[in-house]
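Novice: Okay, here's the structure, questions in a sec.
Only the coordinates and a few stated rules stand behind these numbers; no lab work does. Since the structure is predicted, the reported quantities are computational estimates derived from the model, not experimental observations. Cβ: placed from backbone, ideal geometry, glycine included. Neighbour counts: every protein chain shown.
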2 protein chains.
Amino acid sequence: MGRDSSRQSGARTGGEEGADTPETLRLAQDQFIACWGKMGSAWGISRTMAEVHALLFITGEPLCTDDIMERLQISRGNASMSIRALLDWGVVARAHRRGDRKEYFTAEQDVWAMFRAVVRERMKREADPTLASLYEIRDLTASVEDATRRTKRAKQPPVDSAEADLMARVGEHNKRLDDMLKFFETVQSLTERFVSPSGRGLQIAATILGKAAS
Amino acid sequence: MGRDSSRQSGARTGGEEGADTPETLRLAQDQFIACWGKMGSAWGISRTMAEVHALLFITGEPLCTDDIMERLQISRGNASMSIRALLDWGVVARAHRRGDRKEYFTAEQDVWAMFRAVVRERMKREADPTLASLYEIRDLTASVEDATRRTKRAKQPPVDSAEADLMARVGEHNKRLDDMLKFFETVQSLTERFVSPSGRGLQIAATILGKAAS
DNA sequence: CTGTTGTTTCAGAAATGATTGAAAACAACA
DNA sequence: TGTTGTTTTCAATCATTTCTGAAACAACAG
């Protein structure tokens, strides 16, 4: 709805449907770009950055900054920033044309490689710092617990019930942190193995798991 | 730095370190909450919602709306919204105390269960709609390609080279979409199996993969 | 029924994040 | 070294999201 599909009458390209092909292709690309942009922003990636990536991916050919600006209707600054970020993420590469000073850009075409790059980058940026913080936080109360243990060994009866309660809380707190830490460690070591820059381990893992689950 | 750790002189609780324990515990909780909030917002979850969850998780005991407002210094409306969202996500549950009309809330304490709930919910909200859109987009150009094939079979020579080029583009476009689609399908079926509401499949999978990788 | 306690909603305020555009920096070349 | 075309940067602006606070609502006790 909202689009009159019987209006077109461009060059018929050998098919027998109503819309002409170049326009349909363009429409499909636009929808893909929109879809990708929406998904990106849901996952904390700027919509434009996702759209630029979508454009490069779906057209599959090298585009220059101006092409991107024009097609996405964004400013030069925005385009430049987004491209730079995509390069940093490793999902887009520079390309050059002979006799042209402009830089062109292409998106990684292997979907699994793309996925690996994204996960790798996000792990590096978010999971690793989080893990580091968790360790620090754990250190804050680790010593308290140690002290308690030492005290307990020395003289059996807890000094008073309020204090015993507090120690119990600290113990539980530490247990929760440890669980969390263990979880992150597991996830991290898994991704390090299977989302590693070189291999295509994840894809293999997916296949194995797909079979194992039946 | 930034915190004078030799200032405290509260009830010594059996340890021999400088800070008193209740304060240290509180500090550790606050840092955990901040850390969790930061990570949440990086992944497209509102910071407050993540913080509320962190608070419930790290204290481990049922808290009411006022407790949360007070501890996190947020408004009643915000607290209410965040709690509601966490309930929807299934990572927080209602609890009641006898003879108390207030509602209390507790966080899922099993980190893996928590993780499953989050992934499940996000899949439902983002991956599923994306997949649906991708199918629609694929349908746009699928018919074009079909038509081309039929034409080709009927009369061998392409009408002109521009048209042949266009058809090649459509073919590549469809290939890219199919790859994408295939990828999403794989991911979806994997998560359906291993992040399913009931089982703790992911954890098992993690163990298997951890071993398989060595 | 009415007062009390607790929860939800929602219009606007505040905060945060994205985008622009123009100037500065840069790179290639003559 | 100057010229030209291209990319990057960044303060100002704009858009979006999040948060607040007060009012509406719901559940219950007396």
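Novice: Can you list the distances in nanometres, one decimal and ascending, from the A:Glu61 label point to the identical position in each other copy, with the point 7 Å along Cα to Cβ?
Specialist: Listed shortest first, these distances are 6.8 nm.
Novice: Relative contact order, percent, of the range B:71-155 when contacts are C-alpha pairs under 8 Å separated by at least 6 residues?
Specialist: Worked out over the range B:71-155, it gives 17 percent.
Novice: In peptide B:124-131, what is the residue-averaged number of other protein chain Cβ atoms found within 10 Å of each Cβ?
Specialist: Neighbouring Cβ atoms belonging to other protein chains average 2 per residue here.
Novice: Going by how many other beta carbons lie within 10 Å of each one, how would you line up A:Ser75, B:Ser41, fewest first?
Specialist: Result, fewest neighbours first: A:Ser75, B:Ser41.
Novice: Just counting partner chain Cβ atoms within 10 Å, what average do the residues of peptide B:45-52 show around their Cβ?
Specialist: Partner-chain Cβ atoms within 10 Å, mean over residues of B:45-52: 0.
Novice: For A:Met123, B:Met167, what's the fewest-to-most ordering of other Cβ within 10 Å of each Cβ?
Specialist: Ranking A:Met123, B:Met167 by Cβ neighbours within 10 Å, fewest first, gives A:Met123, B:Met167.
Novice: How far apart, in nm, are two points set 7 Å out from the Cα along the Cα-to-Cβ line at B:Asp128 and at B:Asp146?
Specialist: For the pair B:Asp128/B:Asp146, the computed spacing is 2.8 nm.
Novice: Evaluate the relative contact order of the range B:43-197 (contact order divided by residue number), counting alpha-carbon pairs under 8 angstrom at least 6 apart; express in whole percent.
Specialist: Once divided by the residue count of the range B:43-197, the mean separation gives 20 percent.
Novice: Taking neighbour Cβ counts within 10 Å as the exposure measure, how do A:Leu56, A:Leu87, B:Leu140 sort from fewest upward?
Specialist: A:Leu87, B:Leu140, A:Leu56
Novice: Given B:Lys38/B:Lys124; A:Lys38/A:Lys102; A:Lys38/B:Lys182; A:Lys38/A:Lys182; A:Lys124/B:Lys175; A:Lys175/B:Lys38, which pairs have Cα atoms separated by over 26 Å?
Specialist: Cα-Cα > 26 Å for A:Lys38/A:Lys102; A:Lys38/A:Lys182; A:Lys124/B:Lys175; rest within.
Novice: Would you mind listing the distances between the A:Ser80 label point and the same position in each other copy? Use 7 Å along Cα-to-C-beta, nm, one decimal, shortest first.
Specialist: 4.8
Novice: Which chain A residue hugs the A-B rotation axis most tightly by its Cβ, and what is that distance in angstrom, to the nearest whole number?
Specialist: Closest Cβ on chain A to the axis mapping it onto B, in Å: A:Gly44, 2.
Novice: Between copies, how far apart are the B:Asp110 label points? List them in nm, one decimal, shortest first, with each point 7 Å from Cα toward Cβ, please?
Specialist: Those label-point separations list as 3.8 nm.
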